[in-house]
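K.L.:
Got a structure for you, written out below as structure tokens; questions coming shortly.
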């Protein structure tokens, strides 16, 4: 099984010459986590696509953007949304882990 990635449209990942493009190591890790969890049957791809499109749409609709557009930032947020909706993790667990990772010294990207 492999994730049916969109080639075009709002949920389509960035590509260059047909190949996926990742600007930072964490982006490819977030991508890999989503595809692996989908392959494991944790959620359906339409569930993930809907969450990703909702995140992109919300970012586009924001009157003032607090952060620049980050496809994989929105991808990761959508993954968190799906995992909490199917009760794999709780919102509190995600928040606690995010705070813990944010407190690590610079240069720790893993």
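K.L.:
Of all residues in segment 10-33, count the ones that are more than 12 Å from residue 74 (Cβ to Cβ) and in contact with a helix residue (DSSP H, G or I) (Cβ under 6 Å, 6 or more places away or on another chain).
P.N.:
So the answer is 1.
K.L.:
Go through segment 57-90 and count every residue that is part of a helix (DSSP H, G or I) and over 27 Å from residue 15 (Cα atoms).
P.N.:
Looking only at that region, the number is 2.
K.L.:
Do we have any residue at all in segment 9-25 that's surrounded by 18 or more Cβ atoms within 10 Å (Cβ to Cβ), in contact (Cβ under 8 Å) with a residue 24 or more places away in the chain and not in a loop (DSSP other than H, G, I, E, B)?
P.N.:
No - not one qualifying residue is present in segment 9-25.
K.L.:
Moving on. Would segment 31-45 turn up any residue that is part of a loop (DSSP other than H, G, I, E, B) and touching a residue at least 12 places away in the same chain (Cβ under 8 Å)?
P.N.:
yes
K.L.:
If a residue has to be under 13 Å from the mean Cα position of the chain (by Cα) and farther than 21 Å from residue 58 by Cβ to count, how many in segment 6-25 make the cut?
P.N.:
Going through segment 6-25 one residue at a time, the tally reaches 1.
Taken together, the values in this text are just the output of simple stated rules run on the coordinates, not laboratory data. Bear in mind that the values here come from a model prediction, so they are computed numbers and not experimental data. Here Cβ is always computed from backbone atoms with ideal geometry, including for glycine, and neighbour counts include all displayed protein chains.
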